[in-house]
Amino acid sequence: MTSENLQGAVRKLMTLDGNSVRNATSKMDLAPRIEGGLAYATDQRHLPGLLHGAILRSTCAHALITRVDTSRALNMPGVHAVIKADDVPGLNRFGIVIRDQPVFCDDRVRYEGDAIAAVAADTPEQARAALDAIEVDYQPLPVVSDASLAEQQTAIHSSHEEHGGSNLLVRETLECGDIDDALSRCTVIAEHHYQTPRQMHVFMETEGGVAIPDGKGGVLFRVGCQSGHRDVEQLADILGVAREKVAVESMATGGAFGGKDELTVQPAAGLLALKTGRPVMIHLDRFESCRAGIKRHPVSVKMTTGCDAAGRLLAHKVEAVLDTGAYASLGPAVLENYLDHATAPLYRIEAYRVSGRLVYTNNGVCGAFRGFGGNQATFAVESQLDELARGLGIEPATLRRINLRSPGDAGSRNQTVRWTAPPADVLAAAVASPLWSRGDTDNGRWLTGTGMAMGAQGNGLGDGLPDSGGGRISLSPAGRICVEFGFTDYGQNIVESITRSVCNGVGCREADVEVVLGSSRGPDSGPTSASRSTVLVHGVLASILPRWMDAVRGHAARVSGQPEKGLEFGPGGIFSDGRQVLSYRELAESTNPGGMTANASQDFPVAPDSEHPVGRYLQLQIATVARVEVDRITGRVRVTDLHHVTAAGPVIYPPGYLGQIEGAAVMGQGMTLTEDMTAHEGRYQADNLDQYLIPTFHDAPLQRVDVLDNTPEDDPYPVRGVGELGIEAVAPAITAAIEAATGVRVRRLPVDPGDLLVAMAAQEQNL
Amino acid sequence: MSDHYPLPETPAQQNISFELNGEAVTRSASDAGTLLDILRESGQITSARPGCRVGRCGACQVLLDGCAVPSCLVMAWQLPGRHVQTVEGLNKDPDFLAVRDALASESALQCGYCTPGFAVSLVAGIRQRRQGSKVDLTECVAGNLCRCTGYGGLRRAIARLAAPGCADEADGRSTSEQEKL
């Protein structure tokens, strides 16, 4: 790709780098994390009477259970309780979209890792020893291991009528225009298969936490999670108690990335806590986390995409199969987001038919994972565009520029869209990256190449799902401006971002602000997912702060005797004529506790087109330029540089913004080059981090993030969430760079060095 | 997990004496117990964290006689007479404070679960360097995994620790390459 004419395209470009981080980093939250003082959900060993729980997992991928005998385990030393399916007082099922996953399997196991029983004992060793004493007899069933054949095989959920006796869980098609007519008019057509892997989240803190009984039939959960209020609903139904009896306090969570959105250890821990009357901790080790935990949906897709001689996209046909594994979890929503991204939201296409099937198999369970199906689709879409550009003999950037939507255009689902910047500006900035000018080189062993891809990312749950969130502001008795939301802090810099926004809105200093997150007894903000928290935080604060400040100012005027008009919020307190008249503490002392509180709830902004809006209204864009080195001897690929151009509205907290893009990008690199939890006959082929390889420091590329902030003045929701944006375009950028280096297009991820070598050899023979 | 750790039904316990953060301690540990288990069970040390228990992630990294090691790979029976330091015992140590400030000011962490492990690895590297060894600080963190940050902040923090004043020629490509890009 060569440099293009950029005149006047880029208006506001800011490079986020070490300097912007150093100038903006908040020290308030970081020291305890480095010194080890911050308590994570799995750190709560000091609780009096704490018992340790452990879960018995299936050893078969698919089998009938003919007998479960826990009697020997009950008599083991230190054991306080052993529970199985018939000990579940409420609903023995959970699942965010469809409650199809048993807390403890009763008649059948559907994956290696399905829970059968659980034990609470004085020590973790005693609990594990008791698991070994539980006897389970299985009658093996045929394993559904190939998603593409799953629909022809006997249904693994045949006992559930809602699935109609098939392994097909959801089939969905999005259509626009006359696809057959459009295809018949194409000059160039690219038709290819693409495959993306079953990626594992690898949060450093594996699933875990404690359930604490209140002695009155209720339970408090302190477990790493992403959606406390929703968990309360599911857990109350499982425990067979009223929702008021269940509370969730999400502790600091050691990473989540979607993998803690579904319930993990909560059902077993809660049941054991109620049964024993004592707090129960369950902390999965990495082996168990690998085996039982949620993964990213592997996708196999065939795409047929065509354009006319001028490079205009006419037709785009997509047939995708997503393997959701043994249970639905968030699979149906992932399918929806996959299909939305497979319509190529950035580009105008005359006609498309985008269909996808979500199937059950015995390959573990897949669910939410940063990108949420979107990045899997973008990998294939962007690859297709490169194929068409090659077919036409034009630059990939040129083909994109011809087809990119303009800010006034409707979205790919014919919905109203709010772009953060004209997509063409993002492309232009990426083409201006200095990475291009380094050129493709070949030093005999290492071949280098540079590639680029684009991506769009919506904020919010999308497609008419109920999506709202609330927050609360008050003055704490200690005189701090206390802001509460229901979101979980799992390392996404949300505390810093909220603090910064409150300081900007109020005019106070960081030390005046206290951010309280993640209590189900506090405001319901909805799930910490879908890049939605930042948008909701800013929407709620915008509505709440003026009201609250007016009320506080009025109160301050009465207390101080100063005219209300001259009072201003400042660092540490209320000021008049540049002099502090009341500290926040004095103000708090002059009112009843909770006396100065304001609440607000906001619906997530959706396209105002219809009662059931489709697609995403708030769109962000990214272009990623990747530079790689390919080893001609081993086929190994090294990503040396990633340069991103992002358009996601104004930067609220620079270190957080930069860290989210950099972190998501390296996660995307892992999916592209090394990460795949392959399954053979339903058995995962890796069980720990010595076999499942995520990028290390030395695998991570140098990165640069250029922020394009020319959000239109009239955009009512300029502040957007960037938690997922960085992963969107990494994979196709890397494979484009590999092609630039070697001439080989890789369509199956992760890149297999052996396959790449073979293809390179074939390529050289053909030349 | 029971597949991977076949344990006797009643693991034998023994008392193990060693030095933890400058204090002599005696802890009960099972034959199969590791230093990580001992630290976690006390409830007082939370900075050493289980991430993989096979020595691949570095989240449980501690100083054992001054060397950074994953505490999940140190067996209890290896401990008598040894000196163990965790970040809880380093909070006045100038090398740790330098590392802490570099990590904080470069925003080298997000969830923070892995961070004490990185800090321990870097403190060990800085001490080795002071004793005259040629140390590449980036090699010191090769055994530490971070899933949140993409290592950008860590790269910046290491460049800062390697800068003049902390005389080192650590990462050949860190700062200069970054600025060039």
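The values are calculated or read from the model by the stated rules, or taken from the named source; none is laboratory data. Being a predicted model, the structure only gives us computed values, none of them experimental. In this analysis, Cβ positions are derived from the backbone assuming ideal geometry, glycine residues included, and neighbour counts consider all displayed protein chains. For the accessible areas, the whole protein counts, side chains as well, though only heavy atoms, and no ligand, DNA or RNA atoms are used. Shrake-Rupley method; radii C 1.70, N 1.55, O 1.52, S 1.80 Å.
Output yes when any residue across segment A:391-403 is touching a strand residue (DSSP E or B) at 6+ places or on another chain (Cβ under 7 Å), open to solvent by 10 Å² or more (accessible area, probe 1.4 Å) and either under 25 Å from A:VAL719 (Cα atoms) or in the same structural domain as A:GLU739 (by TED's automatic domain parsing) (or both), and no when none is. Among the residues of segment A:391-403, not one is touching a strand residue (DSSP E or B) at 6+ places or on another chain (Cβ under 7 Å), open to solvent by 10 Å² or more (accessible area, probe 1.4 Å) and either under 25 Å from A:VAL719 (Cα atoms) or in the same structural domain as A:GLU739 (by TED's automatic domain parsing) (or both), which makes the answer no.
So, A:THR672, is that one at the interface with chain B (Cβ under 9 Å from one of its Cβ atoms) and among the polar types (S, T, N, Q) or not?
Values: at the interface with chain B (Cβ under 9 Å from one of its Cβ atoms): no; among the polar types (S, T, N, Q): yes.
No, not satisfied.
Annotation for segment A:614-622: at least one member residue is open to solvent by 30 Å² or more (accessible area, probe 1.4 Å) and more than 22 Å from A:PRO712 (Cβ to Cβ). The listed residues are A:VAL705, A:VAL730, A:VAL722, and the only one of them that is open to solvent by less than 10 Å² (accessible area, probe 1.4 Å), under 19 Å from the mean Cα position of the chain (by Cα) and within 14 Å of another protein chain (Cβ to nearest Cβ) turns out to be A:VAL730. Looking at the structure I just gave you, is A:TYR657 more than 18 Å from A:VAL625 (Cβ to Cβ), part of a helix (DSSP H, G or I), more than 8 Å from every other protein chain (Cβ to nearest Cβ) and among the hydroxyl-bearing types (Ser, Thr, Tyr)? So A:TYR657 passes the test.
Quick grid of which residues meet (1) under 21 Å from A:ASN337 (Cα atoms); (2) hydrophobic (A, V, I, L, M, F, W, C); (3) open to solvent by 10 Å² or more (accessible area, probe 1.4 Å); (4) within 20 Å of the chain's Cα centre (by Cα):
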site	(1), (2), (3), (4)
A:VAL637	no, yes, yes, no
A:HIS644	no, no, no, yes
A:ILE661	yes, yes, no, yes
A:THR696	no, no, yes, no
A:ASP714	no, no, yes, no
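For B:SER71, are the conditions met, namely being in contact with a strand residue (DSSP E or B) (Cβ under 8 Å, 6 or more places away or on another chain), free of Cβ contacts under 8 Å to residues at least 40 places away in the same chain and either within 30 Å of A:SER497 (Cα to Cα) or assigned by TED's automatic domain parsing to the domain that holds B:LEU39 (or both)? Criteria met by B:SER71.
Taking the criterion of being among the β-branched types (Val, Ile, Thr) and modelled with pLDDT of 80 or more, the residues of segment A:1-42 that qualify are A:THR15, A:VAL21, A:ILE34, A:THR42. The lone criterion from (1) open to solvent by 10 Å² or more (accessible area, probe 1.4 Å); (2) more than 21 Å from A:GLU728 (Cβ to Cβ) left unmet by A:PRO345 is number (2). Scanning segment A:106-119 for residues that are crowded, with 23+ Cβ neighbours inside 10 Å and of a type in the set (A, V, I, L, M, F, W, C), we see that the one that is farthest from A:LEU272 (Cα to Cα) is A:VAL109. Considering A:GLY113, A:GLY165, the condition of being in contact with an Asp or Glu (Cβ under 8 Å, 6 or more places away or on another chain) and either part of a loop (DSSP other than H, G, I, E, B) or not assigned by TED's automatic domain parsing to the domain that holds A:THR264 (or both) is satisfied by A:GLY113 alone. Look at (1) more than 9 Å from chain B (Cβ to nearest Cβ); (2) assigned to a loop (DSSP other than H, G, I, E, B) and you find that A:GLN621 fails only one, number (2). Among the conditions (1) more than 8 Å from chain A (Cβ to nearest Cβ); (2) at pLDDT below 95; (3) outside any strand (DSSP E or B), the only one that B:THR46 does not satisfy is (1). Filtering A:PRO466, A:PRO477, A:PRO546 for residues that are more than 30 Å from A:ALA389 (Cα to Cα), open to solvent by 30 Å² or more (accessible area, probe 1.4 Å) and in contact with a Pro (Cβ under 8 Å, 6 or more places away or on another chain) leaves a single hit, A:PRO477.
When A:SER383 is tested against (1) of a type in the set (Ser, Thr, Tyr); (2) assigned to a loop (DSSP other than H, G, I, E, B); (3) touching a helix residue (DSSP H, G or I) at 6+ places or on another chain (Cβ under 7 Å), just one condition goes unmet, and that condition is (2).
Screening A:VAL334 with (1) touching a Gly at 6+ places or on another chain (Cβ under 7 Å); (2) farther than 22 Å from A:SER227 by Cα; (3) without any contact (Cβ under 8 Å) to a residue 60 or more places away in the chain gives one miss only, at (2). Filtered by the rule that a residue be touching a residue at least 60 places away in the same chain (Cβ under 8 Å) and either closer than 17 Å to A:PRO298 by Cβ or surrounded by fewer than 24 Cβ atoms within 10 Å (Cβ to Cβ) (or both), segment A:742-751 gives A:ARG745, A:ARG747, A:ARG748, A:LEU749, A:PRO750, A:VAL751. Here is the figure for segment A:700-715: residues that are in contact with a helix residue (DSSP H, G or I) (Cβ under 9 Å, 6 or more places away or on another chain) and not β-branched (Val, Ile, Thr) total 8. Based on what the data block shows, is A:ALA81 farther than 25 Å from A:TYR684 by Cα and open to solvent by less than 10 Å² (accessible area, probe 1.4 Å)? Taking the combined requirement at face value, the residue satisfies it.
Going through (1) within 14 Å of chain B (Cβ to nearest Cβ); (2) assigned to a loop (DSSP other than H, G, I, E, B) one by one, A:THR416 falls short only on (1).
Within segment A:670-685, the set of residues being in contact (Cβ under 8 Å) with a residue 24 or more places away in the chain and open to solvent by 10 Å² or more (accessible area, probe 1.4 Å) comprises A:LEU673, A:THR674, A:ASP676, A:THR678, A:ALA679, A:HIS680, A:GLU681, A:ARG683, A:TYR684. For the condition assigned to a loop (DSSP other than H, G, I, E, B) and over 30 Å from A:LEU461 (Cβ atoms), A:GLY595 qualifies.
Among residues belonging to segment A:190-218 that are in a strand (DSSP E or B) and within 14 Å of chain B (Cβ to nearest Cβ), point out the one that is nearest to A:ALA39 (Cα to Cα).
A:GLY209
When A:ARG521 is tested against (1) surrounded by fewer than 16 Cβ atoms within 10 Å (Cβ to Cβ); (2) more than 27 Å from A:VAL246 (Cα to Cα), only condition (2) is not met.
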